[in-house]
Structures are given as C-alpha cells and as structure tokens.
C-alpha cells in the first residue's frame, strides 16, 4: 500500500456530524437524564464532507440516516437504551448507495446497539458488542465475496487488505464500542454535568483512534451559552483541540505499523508535520428530560497540504 493511500485511509477514518432566550448570568443548571422505560426518540442525522487539497475544495458527499432510541430499562443504577440506525441515503443521485462503499456505510443498518448508560448519562459500554462484531464481520465478508464475483478480475490483494483493516477496527471490545457509539457519544456529551454562566468546564480528554491503538490527547471545553428558563432549554457549546505533536507521533507510528502488516516498506520523509484536529459543537437540550433537540458538530483535520471538514447535524424529529 502506497504512503499516499495509507494517509488517505487515515484521514477518511479519523473523520469516520435560535430560541427565545433569557439572560443566563444568574442561572446554573445540571443536565441529567430523566427517562422512562418505553420512551422512544427519533433522530435524523445528516453528514457532509468537504475535502481540500492545495487550496482547492470539493464536496465529496452528503448523507442522511434516521435513528431510533428506545429506553429498554430504567432504574436508579442507570439505563439500557436500544440505539438503532436506519438505512443511510445519499443526497445526490448517484450509484454511491449501490456501490461497495455505499453498502459498507450501511453496515449497521437495522442492528440494535444496546447501550449501557449510568444514571448521569455516561455511556458505560455496549452490552451486545460480541454479537455486533460477529454480524459486522460476516456482512463485510459477504459484501467482499459479492464484489469479487461481479468482477472479471477480482482484486484479491485489495480485499485481503480490507479484511485485515476490518479485523483491526473490530478486533477488541473497545474498538467495537468506539465504532458503535460514535454518534451516541456526541449526542449524549452534554449529560452528567453542571453548567453556569462564565464558568466553562475545561478538561483533558482522549479522542479514540479509529485505527486502533493509542488515543489522541485533547484539551476540551464546555460552556453554557444561553438558557431559556420558560422553555426549559439550554444551548451548550463544546470544543476540543488535539495536541498536534502527539497526533503526528501517533499517526506516523500507526502508518509504519500498517505498512509492516502489509509487508511493505514505509516511505521515508513523506509524513507531514503540519497536522491539526479540532472539534466544535453546539447542542440544544431539554434540561428537564436530558433529551437533545438539535446538535451541530464539525471536525476539522489538516494533514499537510490537505484538509477535511466533516459536519454533522442531529435533529430530533416528530414521533
């Protein structure tokens, strides 16, 4: 695998998202889940991606996915939630939905992810991660076999490489949980904290590495932007900046590991030193229930002369 291809895979996988307001100066709030068994929430998630190279930007795709959240159980210890994705559709008319990549995008379509969430709204894990891993790998193998049958000259080397990457991404419980909770982690991020005017909550965090291995150290900040007491809704902002030196070190190490696994010698002197990763989000949440009404999230990644911006919008739809 060429170094440029490895870099493209890394960039792709890393980025794998007004009310009537009152003065917030005298307000402090705590956002906790107050859910009941049987509660059902429906969401529409829209994703858009813009890639840039040497100053030229290209919109590479826009997708829509409907999700259903069902409270399976609720007690003093926490909750079990069923998080189920519907089919992902592509915005522009094309053959993308029927392509091999389009089918991989729909890997989790119809599968219920059972989230174990504590009483503060923090995701503790995925209860059925083993079943999800087995189903995902079987589906990927079936897709690869179909792809090979449809071609006169199947690219066995490419499929073997993809299989190795799938196993790497789904190799451990932590990796399966990271893959299965990406949207949920963003959707529930405001829960379990107190917010007050002019008192942002700052903390050091780790951004999971979708390629597996060492996570990226980040500095994060959450703050109360506005609070509408009458409507019981708050607007909370969040930002996260990864340590660029640590990101460069971790990605360079991962590239060398991937090349070694594929039996190829990594190319020296081509790894860019100008690397940055930033996240920004704005969330509108019902303070009384803990359900998020709308969320906008962007992740910006600069990789040498190339950049990628992934924008995600989550909207709670009518029942």
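Since every read-out is calculated from the coordinates, none of them should be taken as a lab result. Predicted model only: the values in this text are computed from it and were never measured. All Cβ positions, even for glycine, are placed from backbone atoms using ideal geometry, and neighbour counts span all protein chains on display.
Annotation: the residues 247, 71, sorted from fewest to most other C-beta atoms within 10 Å of their own C-beta, follow the order 71, 247. With each label modelled as a point 7 angstrom along the Cα→C-beta vector, the residue 141-residue 278 pair spans 4.5 nm. Annotation: extensible slack from residue 58 through residue 37 equals 3.1 nm (criterion: 0.36 nm per residue apart, minus Cα-Cα distance).
Footprinting exposure proxy ranking of 118, 77, 310, fewest other C-beta atoms within 10 angstrom first, gives 77, 118, 310.
Extension gain for residue 293 to residue 201 (0.36 nm times residue separation, less C-alpha to C-alpha distance): 31.0 nm.
Measuring r between the beta carbons of residue 134 and residue 182 and using R0 = 30 Å, the FRET efficiency lands at 0.95.
Inter-label distance, residue 122 to residue 76: 1.9 nm, where each label sits 7 Å from its Cα along the C-beta direction.
Exposure proxy ranking for 42, 316, based on other Cβ atoms within 10 angstrom of each Cβ and starting from the fewest, stands as 42, 316. The distance between label points at residue 68 and residue 317 comes to 1.2 nm (points 7 Å beyond Cα on the Cα→Cβ vector).
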